[in-house]
Each structure stands twice: as structure tokens, then as C-alpha cells.
1. For the range B:75-100, enumerate the residues that are touching a strand residue (DSSP E or B) at 6+ places or on another chain (Cβ under 8 Å) and over 20 Å from B:VAL13 (Cβ atoms).
2. Which residue, of A:GLY40, A:GLY28, A:GLY3, A:GLY16, is loosely packed, with under 13 Cβ neighbours inside 10 Å and within 19 Å of B:MET45 (Cα to Cα)?
3. From the list B:GLN51, B:GLN44, pick out the single residue that is out of contact with any helix residue (DSSP H, G or I) (no Cβ under 7 Å at 6 or more places or on another chain) and assigned to a loop (DSSP other than H, G, I, E, B).
4. Of everything in the range B:53-79, what is surrounded by fewer than 17 Cβ atoms within 10 Å (Cβ to Cβ) and within 14 Å of chain A (Cβ to nearest Cβ)? Give them in sequence order.
5. Kindly provide the set of residues from the range A:46-77 that are part of a loop (DSSP other than H, G, I, E, B) and in contact (Cβ under 8 Å) with a residue 40 or more places away in the chain, ordered by number.
6. Quick one: which of B:GLU17, B:GLU52, B:GLU61 is among the charged types (D, E, K, R) and in contact (Cβ under 8 Å) with a residue 40 or more places away in the chain?
7. When only residues in the range B:16-28 that are surrounded by fewer than 18 Cβ atoms within 10 Å (Cβ to Cβ) and in contact with a strand residue (DSSP E or B) (Cβ under 6 Å, 6 or more places away or on another chain) count, which is nearest to B:GLY107 (Cα to Cα)?
8. Output the residues belonging to the range B:80-102 that are over 12 Å from B:PHE35 (Cα atoms) and within 12 Å of chain A (Cβ to nearest Cβ).
Amino acid sequence: KAGVTQTPRYLIKTRGQQVTLSCSPISGHRSVSWYQQTPGQGLQFLFEYFSETQRNKGNFPGRFSGRQFSNSRSEMNVSTLELGDSALYLCASSLVPGSSGNTIYFGEGSWLTVV
Amino acid sequence: AQTVTQSQPEMSVQEAETVTLSCTYDTSESDYYLFWYKQPPSRQMILVIRQEAYKQQNATENRFSVNFQKAAKSFSLKISDSQLGDAAMYFCAYQATGGGSEKLVFGKGTKLTVNP
């Protein structure tokens, strides 16, 4: 079956613009989480969703937001882009959050460059 | 807050040899999960191995095994019979149990080079 699908894979935006990234989880998976990966800060948790509800949020400014739809697909949005937002954004999905032995599957990420 | 530390930014190993990647973590919890993820140049994070803290037996997956020392809060990954395809970034990650959160706390990673 298809893995976690992220679109777009690559994009370039200008400072001050906004961007929306999309994530389609593995079929049947209902939990989606997002991570930002940069050379300086490494992998940092952004937020996670289950049943269209945000369950947890990382330490990021309010410019970073997300949502989950009834089909479990998720989007994240970054408004008023800054140069420091340039990163690889990874989406991950799992069946149900917190289940014992839950395997979390990652997508290939969306590369965002802010110029 | 939980933290994960990988003290080796880079490691190298000869093909067919064995290499051990180190990871330490800090938590006040008694039950949690620990993971090793591999990130090849494609950037897709791939689960290598998982350890449940309440299980004393070290996890093993084919050529990959861990040395889990709960009291020392240490979780090292041993790769036996290293192959060229093992070259990648390796990340150690911590996940709390309870509360229903999937949040992973990652270390900074270790870049593994496999020499032919």
C-alpha cells in the first residue's frame, strides 16, 4: 500500500509569503504528526493531529499552524515566512496515537526554501 | 523535558565490520519507547529498531541490535556485518508513553559512512 505522501516535494518562497504543505497518511492511519528538520536545530516536533483535533504542539511561533481533515489528510501552514523557516518538513503517520507497539511511518518530506 | 544526546556526529566503518552508535537520554519517566531511525539521502526516515523500556531484553532486528541500559539511560545501536546500504544518518529517538501522544524527541544524529 502507498506510504505517507507529502506534496509539494520542493518549493521556493519569498520572505513574507505564506505556504501550505500537504500530507496524506498511509491508508487507515488516523494520527498525523509534523516535524521540522534543519542543520542547526535538527529534528523538532511541530504538532500532531488525531480525529481532526490537535493533540500536541511543539515550541513554534503562532505562524505555524496545521489542521487535519475527516479523511485524516493533514495540512500545515506557515505564514509570514522568514529565512529561518527554510527546512525539510517531515510528516509522519500511525494507526492510533499511543498504542503499544505503534510504528510511526514518515514521508519523504517537503523541502522549503525561503529567499 | 526529555532530551536525547548522540555524542558522535560522524562514524565510519569498513564493509562487513561491526560498528556501535551511542545514544543517551534523560527522562524521569519509568516507561517509554526508544527508537533508532535511519535517514538515507532520500531523507525518508526509516525505523530500524524499537525498544520498550519495561522490557529488559535487548531488541534485535537481523543485523541490528541494541544495548539498552535503563539505569544508565543509554541506548546504543550495533550494526553487524556492515553493508554499503547502511550508510546514512542515524537518529536516536525517545517517545513517552501514556497521554496518547506520538511525539518523538530526536537526537542530533550520527552520520555513518561505510567504506568498501
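1. Residues satisfying the conditions are B:ALA93, B:TYR94, B:GLN95, B:ALA96, B:THR97, B:GLY100.
2. On inspection, the qualifying residue turns out to be A:GLY40.
3. Numbers: B:GLN51 fails: assigned to a loop (DSSP other than H, G, I, E, B).
After applying the criteria, what remains is B:GLN44.
4. Hits for the range B:53-79 are B:TYR54, B:LYS55, B:GLU61.
5. Answer for the range A:46-77, where residues must be part of a loop (DSSP other than H, G, I, E, B) and in contact (Cβ under 8 Å) with a residue 40 or more places away in the chain: A:SER72, A:ARG73.
6. Residue meeting the stated conditions: B:GLU17.
7. This residue is B:THR24.
8. B:MET89, B:THR97, B:GLY98, B:GLY99, B:GLY100, B:SER101, B:GLU102
Bear in mind that the values in this text are calculations on the coordinates, not laboratory data. Predicted model, so just to flag it, every value in this text is computed and none were measured. Quick reminder, even Gly has a Cβ in these numbers, built from the backbone with ideal geometry, and neighbours come from all protein chains shown.
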